[in-house]
Every structure is written in C-alpha cells, then in structure tokens.
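To keep things clear, I will list the structure first and then write my remarks on it.
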Amino acid sequence: MTDELSHYFVNSSHNTYLDGGQLFSRSTSSAIAWALERGCRVVELDCYDGGSKGPIITHGGTAVRPMLFKDAIAVINDRAHVASEYPVIVTLENHASRETRAVMAKIMRHTFGDKLWTPPSKGEGEGEEESYVLDRWPSPAELKGKVIIRDKSTKATLSTGKNKLSVANSVVNLSKSAPAGVPEDSDGTSEDDGGEDDEDIKALVSLRNLKFHGFKEAKDLGTKFSCSWSENKAKKLVEKSSQKDLLEFTKAHLLRTYPGGQRIMSNNYDPSDAWSIGASLVALNFQAQDRYMWVNQAKFAVNGGCGYVKKPDYLINPSVQRPTKPRILRIHVFCGLGWENFKDADFMSAPDTFMKISLFGCVADRLSATSRGNSMRTSVYSKARVGPCAQPIWNEHFDLEIREPELTVLQIQAMDKDGARDEFLAHYDVAVSALREGVRIVPLLARDDEYVHDSKSCAGVLCKFEWLDEKSSSNDALPARTNESKETTNISEDA
C-alpha cells in the first residue's frame with residue numbers, strides 16, 4: 001500500500017446518496033452509510049443551493065427528495081473508516097453558488113477537522129499556491145484515516161506551457177458546475193461567475209478534477225489530476241485510442257468512469273472494460289444489487305477488503321508485457337447442498353435448477369472459444385422439493401481460458417429454468433487471483449449478499465477448482481491428483 005494512489009483500483013460509488021433509482025428515489029444518510037460499510041472508498045455528492053436550509057444534496061432536474069449537505073458530511077465522518085482505515089475520497093458534483101460553497105467549506109472543515117488531507121505546498125512565502133504542482137500522488141498508506149475532497153475547477157481545462165502553473169492554482173477551487181441536464185460526456189463545468197473562491201474553499205480541495213482534452217495535453221500539463229468519463233465516452237475513447245496512450249494516462253492520473261445517463265433505474269455497467277485500461281475509480285450504483293455490483297464486491301474482497309487493490313504490473317509498468325497465453329481453470333461441479341432453501345422457487349413442482357458460470361475480466365477471456373462466450377451452464381436438475389432427492393447431482397466440469405487472473409472475477413449462479421425465462425436463485429463471486437485450488441463448498445448468497453439458509457442448512461455447491469497445463473486441458477475425464485486438497489471450506493484466500 002506504499003505505491004502512489006494512481007497505481008490502485010479504488011472501490012467507488014456513483015450518486016452514493018440515492019436509495020433507489022435516479023429519478024424518484026430519496027437522498028439519505030443510510031445509503032451513504034451502506035456504501036461505506038461495504039468498503040466503498042469514493043463517495044459522490046451532488047450539491048445545490050438549499051435556500052434557508054443551507055446546502056443540500058439531490059439529483060438535479062429530478063423528483064429525488066433532497067437531504068442536507070451537513071447530514072451527508074456527518075455520516076461520512078462517522079462511517080468513513082469503519083470498514084477500512086484507508087482514505088475516503090469525497091467527490092463533489094458542485095452546482096452551488098459561491099456563497100453556498102463557502103458554507104459547504106465551513107461545514108467540511110468543522111466536521112472532518114484533522115481528517116482532511118491537503119497536499120504540502122512547494123512554494124515559498126506569498127503566492128506559494130500559484131507555484132504548487134502535484135508531481136506524485138501520495139500512497140494509501142500515507143493517507144490512512146484521511147478524507148480527500150475531489151472537485152472540478154471553476155475553469156477546468158488542460159493548458160500547457162506558460163499557463164501551467166496558473167492552471168495548477170485554479171484547479172484547487174471548488175467548482176460551479178452547469179445546471180442539471182448537461183450532456184453526460186461533458187464535465188459539467190461552467191465558467192466562473194466572477195472573482196475567485198476564498199482561500200478557505202481553495203484549501204480544502206486537494207484532488208483536482210479537469211476536463212479531458214487529449215493525451216498529449218494531459219502529458220504536457222505537468223501535474224497530476226483526475227478526470228471523469230461516462231461509460232459511453234470511455235467506450236468511444238477506448239475504441240479510437242491506443243493501449244499505450246490509455247495506460248500511460250491511467251498510470252499517471254486518476255480516471256473515474258461512471259454509469260451512462262440511460263441507467264435511470266440505477267442498474268450498473270460491466271466494470272471489466274474500465275479496469276482493463278487501468279481506470280482507478282470505476283464508479284457503480286451501490287444501491288443496485290445486480291450482477292455487476294457482485295463482481296465489484298468480489299474484486300474488492302481481496303487485499304483484506306480495504307477498498308484498494310493494486311493494479312497488475314502490466315498496467316503500470318511499460319516494460320511488462322500484457323499476458324497473451326491463457327491458463328486453463330477447470331471447474332468440476334459435483335452437486336448442490338441445502339437445496340431445500342429453493343423448494344418454493346417453482347410454484348407447481350420441484351425447481352428446475354442449473355448452475356451458470358461466468359467470467360468477468362479482459363475481453364479475450366470473456367469471449368474465448370473454450371469459455372463459450374462469457375457463461376457456461378450445467379444440465380437442468382429437477383426431482384423433488386425436499387429430502388435426499390432434492391439435492392441436485394451434476395458431476396460436470398468446465399474449462400475456462402484465463403489470461404489475466406488479476407483482472408478476472410468468477411461468478412457462479414444457481415438458476416431456475418422456468419419456461420422461456422431463467423429465474424435467479426443465488427450467486428457467489430470470487431476474484432480469480434484469490435481462488436484456492438481443491439475441493440470446496442461454495443456458499444450461495446441471495447441478491448442482497450446474505451447467505452441463503454434456513455434453520456437446518458445453508459445452500460451451497462460442492463466444486464473442485466484446479467489449474468491445468470496445456471496437455472490436460474481437453475474435455476477428458478478429470479485426471480487424478482495425489483496432492484488434492486481435502487478441505488471443503490474457504491473458496492478464496494480471503495474468505
């Protein structure tokens with residue numbers, strides 16, 4: 001945890017304050033607390049003028065019920081370091097007036113106190129802020145117990161040459177963002193409304209968010225910064241940019257990606273592609289209990305669940321080649337246990353259950369011929385609701401090609417085949433880098449990540465995991481192993 005911040009993936013949330021969809025839900029302290037307690041390290045707040053009530057948090061241009069800014073800051077202060085001692089980044093999508101921003105600054109300074117981190121100045125005497133340029137991010141270890149404020153500049157553009165230092169000064173200002181309804185690929189920043197924010201406001205914002213104008217301009221700027229791309233903009237830039245430019249950029253700067261404007265129900269996008277280009281802050285809707293949120297939780301369960309995961313060397317070191325030769329992970333699915341928990345899944349008869357196995361990671365792994373697209377499934381089992389015959393027996397195995405285990409998450413789902421539609425029953429997700437070989441009982445979790453159980457049993461699947469060499473990767477019978485593990489607990493190293 002001693003490398004600079006941009007060398008890590010950081011567990012990040014989008015519109016953290018919402019308890020539901022993007023249009024008609026509520027802004028609540030409980031939603032923020034929920035995300036932080038689940039390991040989130042990046043909290044996003046949309047800030048507006050609230051009249052006599054003071055600054056408020058809401059999703060502008062919608063029917064979302066607002067909350068007070070001071071209540072959001074209070075719950076962040078209270079829950080920031082419950083799940084992890086490593087820093088929390090508070091990213092402000094700021095639509096407030098200058099006067100309201102001054103009030104916000106006082107609230108944050110009073111509430112966070114010594115937890116607020118500001119970078120040391122490199123200048124001397126008067127005007128020292130003008131000469132400050134951030135040439136290296138601090139490490140997570142250096143920032144233990146701290147809160148970092150991230151915000152846009154009042155005039156957030158990438159400039160070069162003689163204007164470099166004045167830009168470094170301007171980007172520490174809290175922003176006055178454009179009203180709700182700006183295009184999602186815009187940085188949402190408006191021109192300053194005259195004058196500068198006072199020194200108290202400038203001193204709080206230490207993570208500078210600028211509008212992206214190109215890789216060359218970013219390199220010429222000469223200071224570290226952050227920027228945000230929607231999932232749609234990220235997809236376009238990935239398609240037309242070289243891997244070299246993308247990786248050089250994400251190694252030096254903090255790239256944040258976030259759900260596109262079309263996701264009004266707070267559903268999530270697949271974070272895999274953003275992780276593959278080294279984006280540090282891949283923001284998801286934590287209130288959505290969908291398969292992409294489960295993937296995110298599995299990824300950040302490694303490294304002690306601290307919310308920071310080191311990027312693979314090939315994403316931060318140009319001399320390290322990206323892996324191209326796949327390894328074969330064989331998964332043998334023996335049987336289900338505790339299947340009485342699913343007895344009511346089918347109204348008319350015993351559930352028609354099967355196991356679905358999916359990979360999330362680099363594109364080559366997800367689309368490999370061996371992995372048959374990005375999911376594989378067992379045969380369907382249906383004999384009884386309860387009793388010995390209720391426990392499904394499959395005894396099937398699958399081979400999956402994996403080139404980048406550090407970026408890959410394995411998702412196992414129990415499904416009920418119901419006519420033309422497959423119904424979700426339970427799941428378990430694990431980062432492949434944390435997967436342990438041997439025979440394991442894979443516990444199954446409900447949509448809300450609680451264990452599926454009744455008073456007698458917990459639902460699970462008995463599986464065997466092993467890495468094969470090329471010669472044993474055919475679909476023949478599973479080869480014998482004299483050193484096979486007999487343990488049947490703890491599927492992952494961090495379990």
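Every number in this text was worked out from the coordinates using simple rules, so none of it is lab data. Keep in mind the model is a prediction, meaning the values are calculated, not measured. Please note: Cβ atoms are built from the backbone with ideal geometry, for glycine as well, and neighbour counts cover all protein chains shown.
At a 10 Å Cβ-Cβ cut-off, how would you order W117, W467, W137, fewest neighbours first?
If I rank by nearby Cβ atoms, fewest first, I get W467, W117, W137.
Once the Cβ-Cβ distance between K356 and D49 is put in as r, and R0 is 51 Å, what FRET efficiency do you end up with, to the nearest 0.05?
About 0.60, to the nearest 0.05.
Under a crude label model (7 Å from the Cα following the beta-carbon direction), how far is M348 from D3 in nanometres?
For the pair M348/D3, the computed spacing is 5.5 nm.
Can you sort V386, V282, V442, V302 from fewest to most other Cβ atoms within 10 Å of each residue's own Cβ?
If I rank by nearby Cβ atoms, fewest first, I get V386, V302, V442, V282.
Which length gain, in nm to one decimal place, applies between D78 and V320 when the Cα-Cα distance is subtracted from 0.36 nm times their residue separation?
Numbers: separation 242, 0.36 × 242 = 87.12 nm, distance 4.14 nm.
My answer for the length gained is 83.0 nm.
What is the percent of Cα-Cα separations in region 327-468 that go past 24 Å?
Cα-Cα pairs in region 327-468 separated by more than 24 Å: 29 percent.
What does region 232-287 give for Rg and for Dmax, in Å, if only its C-alpha atoms count?
11.7, 35
With an 8 Å cut-off on Cα pairs and a minimum separation of 6 or more residues, tell me the relative contact order of region 327-468 in percent. Before the final figure, lay out each step's value.
Details: 343 pairs, mean separation 48.0, N = 142.
Reported as a whole number, the value is 34 percent.
At what distance in angstrom do the alpha carbon centres of region 228-244 and region 30-73 lie from each other?
So the two Cα centres are separated by 29 Å.
If you rank R26, R98, R41 by fewest surrounding Cβ atoms within 10 Å, what's the result?
Fewest-to-most Cβ neighbours within 10 Å comes out as R26, R98, R41.
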